[in-house]
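Please treat every number below as a calculation from the coordinates, not as lab data. What you see is a predicted model; the values in this text were computed from it and never measured. Reconstructed Cβ throughout: ideal geometry from the backbone, glycine too, with neighbour counts over all protein chains shown.
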Amino acid sequence: MKKGNLYIPKDTKIVLELQNDVSSKRNKVGDTFNLKTIDNLLVNDVVAIPKDTVVRGVVLKSKRNGLFGRGGHLEVDSPSIRTINNIDVPLNGYINGYGSDDNGAVVVAAAVTLVGGFFMKGENIYYDKNQLIEVAVRDDTDINATPETLLTVMDPTVPQGQGLVVKPR
C-alpha cells in the first residue's frame, strides 16, 4: 500500500443480494451468476462502491442429490468487487453448501435391499434470488486515493479505466 493512500480495510462487511436462483440441481461447474450491493460503501463519506454494483459469482463445484439419500453439494465464489475507479477489491465470497442427507434412507436401503436405496434421495441445496449474502473484504485494499484526491478519484461522472484512441482505417 502506498504511504498516504486510503484503503478499504480487511474484514469490511458488504451485503450482496443474489440476482439469480442457484442450485445443485440446475447449475454446473463454471456457471456464473450475479449479485449486487444493497448499500453504498463509503470511504471517508465518499462513495467508493455504489449501491447496485454488480458482482459476478461462479459455481466451483456442483453435485445433484443422489441415490441412497445423498444430499446435493454446491460450492460458489464471488471473488472480487470493483470500486468506482476500477480497483478490484478481493472478497471472501466462498460458500460451501450441502443439501440434507436422508440418513434414514441409507439405513432402510441397507436393511431392505440394495435396489430400494435407488429410490431414496437427499435434498439439493438452493440459494434463492433476492437472498442476502454477507461477504468480507479479504485484504486491506489500496484505493489509489489520498484524502485530498478522494473526491476526484471517486467521481462517478468521470470515466475510469483503460482508454483507447482508435483511428479510422
What net charge do the residues around LYS51 carry, taking every other residue with its C-beta under 11 Å from that of LYS51, with Lys and Arg at +1 and Asp and Glu at -1? -2
Checked against a 28 Å limit on the C-alpha separation, the offending pairs among LYS61/LYS129; LYS25/LYS51; LYS51/LYS129; LYS13/LYS129; LYS28/LYS129; LYS2/LYS129 are LYS25/LYS51; LYS2/LYS129
